[in-house]
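The values are calculated or read from the model by the stated rules, or taken from the named source; none is laboratory data. Quantities reported herein were computed from a predicted structural model and do not represent experimental measurements. Ideal geometry is used to build each Cβ from the backbone, glycine not excepted, and the neighbour counts take in all protein chains shown.
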Amino acid sequence: MTSLAIKHNAINLSQGFPDFPVSPQLIKLVNSEMKKGNNQYAPMPGILSLRESISKKVEALHQSFYHPEKEITITAGGTQAIFTAIATIIRPNDEAIIFEPAYDCYAPTVKLFGGLVKSFEMQAPFYEIDWDIVKRLVTVNTKLIIINSPHNPSGQILNKEDIDQLIMITKNTDIAIISDEIYEHVIFDNEDHLSLSRYPVLKERTFVIASFGKLFHTTGWKVGYCLAPEYLMNEFRKIHQFQVFSVNTPIQIAFNEYINQSDSYQHLASFFQKKRDLFRSLLKQTRFTLLDCRGSYFQNVSFEKITDEKDLDFALRMVKDYKVAAVPNSSFYSRQSEGNTLRFCFAKKEETLEKAAGFLLKI
């Protein structure tokens with residue numbers, strides 16, 4: 001969709017990246033570290049001072065301690081962390097449970113290592129999980145459950161009941177969990193992010209994945225991190241060492257200095273909620289039906305009142321005829337679907353959102 005947006009000179013609300021500038025202060029910090037000569041390999045698990053800062057941040061937010069030297073690894077983005085965590089767990093014929101619509105790296109990576117994907121399909125408009133059905137997906141071969149909250153693409157978040165069900169399902173098993181918490185700070189309406197790091201019985205079996213790209217609007221810098229108990233992190237690093245070895249040195253040092261300024265990320269919820277609220281107010285003037293958005297920077301809509309086309313066909317026509325790119329949500333399911341929902345990214349300048357809405361009004 002990004003390629004089509006470029007080809008047709010359309011506004012790209014498909015791929016999840018901001019179109020507003022990175023903090024000048026952060027860029028200055030990176031440039032300063034480069035000029036100081038910090039341009040060689042970082043330690044394999046990451047700059048220790050940055051891991052110490054992450055440990056303090058997680059403990060302050062979730063009252064959960066991760067040892068900086070043994071339980072935190074800096075990665076080349078969130079996707080690499082997810083890939084490495086899956087590689088750590090999955091062997092041929094192991095089963096992994098995922099919740100669809102799902103971020104598109106989960107299932108292919110499980111299959112790459114010979115695993116079998118079992119999908120629970122959440123459905124619009126609420127994308128709720130029926131845990132009774134999930135329980136029936138669990139077998140003696142289930143080795144991994146992948147969850148994502150705030151959720152991409154649906155914009156939903158896990159609640160306490162979901163957490164309780166996950167605890168019950170994994171109790172007295174050897175099932176590992178990957179908790180994709182990339183959008184942990186992009187959560188709205190004073191809701192609380194329920195990181196799995198908060199729950200000792202889940203923490204002991206969980207890889208928690210986070211991203212500086214989403215935190216500081218630097219998706220192109222590809223820096224993230226993974227939290228996990230020592231016994232899991234030891235295995236994670238055996239793969240990480242030969243996959244990427246280490247991550248960009250000057251950026252790690254700059255992130256460490258920047259992250260210790262508390263306002264560098266604590267404003268993100270209100271920052272993106274203003275964009276969400278603006279975009280929703282604009283879309284209410286169109287024929288699209290708005291779906292709930294509780295977190296992430298994606299707004300989903302139904303177009304059932306507009307056309308009976310398949311979502312992919314409508315999305316392609318929208319780029320060409322109306323100059324706005326969105327993602328058809330069927331692309332986030334393993335099985336072919338004829339859904340009627342689209343995902344828009346609202347991590348954009350106000351003028352970008354207003355211009356896009358003007359085009360969408362013509363549909």
In the set Ala87, Ala107, Ala124, the lone residue that is of a type in the set (A, V, I, L, M), part of a loop (DSSP other than H, G, I, E, B) and surrounded by 15 or more Cβ atoms within 10 Å (Cβ to Cβ) is Ala124
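Results for (1) aliphatic (A, V, I, L, M); (2) under 25 Å from Phe20 (Cβ atoms); (3) outside the structural domain of Tyr127 (by TED's automatic domain parsing); (4) modelled with pLDDT of 95 or more, shown as yes or no for each residue.
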site: Lys320; (1), (2), (3), (4): no, no, yes, yes
site: Val324; (1), (2), (3), (4): yes, yes, yes, yes
site: Ser337; (1), (2), (3), (4): no, no, yes, no
site: Phe346; (1), (2), (3), (4): no, yes, yes, yes
site: Glu350; (1), (2), (3), (4): no, yes, yes, yes
The range 20-63: number of residues that are over 30 Å from Thr352 (Cα atoms) and aliphatic (A, V, I, L, M) = 10
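Among the listed residues Ile82, Ile54, which satisfies the condition of being in contact with a helix residue (DSSP H, G or I) (Cβ under 9 Å, 6 or more places away or on another chain), under 18 Å from Phe245 (Cα atoms) and either of a type in the set (Lys, Arg) or not in a loop (DSSP other than H, G, I, E, B) (or both)?
Ile82
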Scan (1) under 22 Å from the mean Cα position of the chain (by Cα); (2) of a type outside the set (Phe, Trp, Tyr); (3) surrounded by 15 or more Cβ atoms within 10 Å (Cβ to Cβ) for the single condition Leu4 breaks and write down its number.
-> (1)
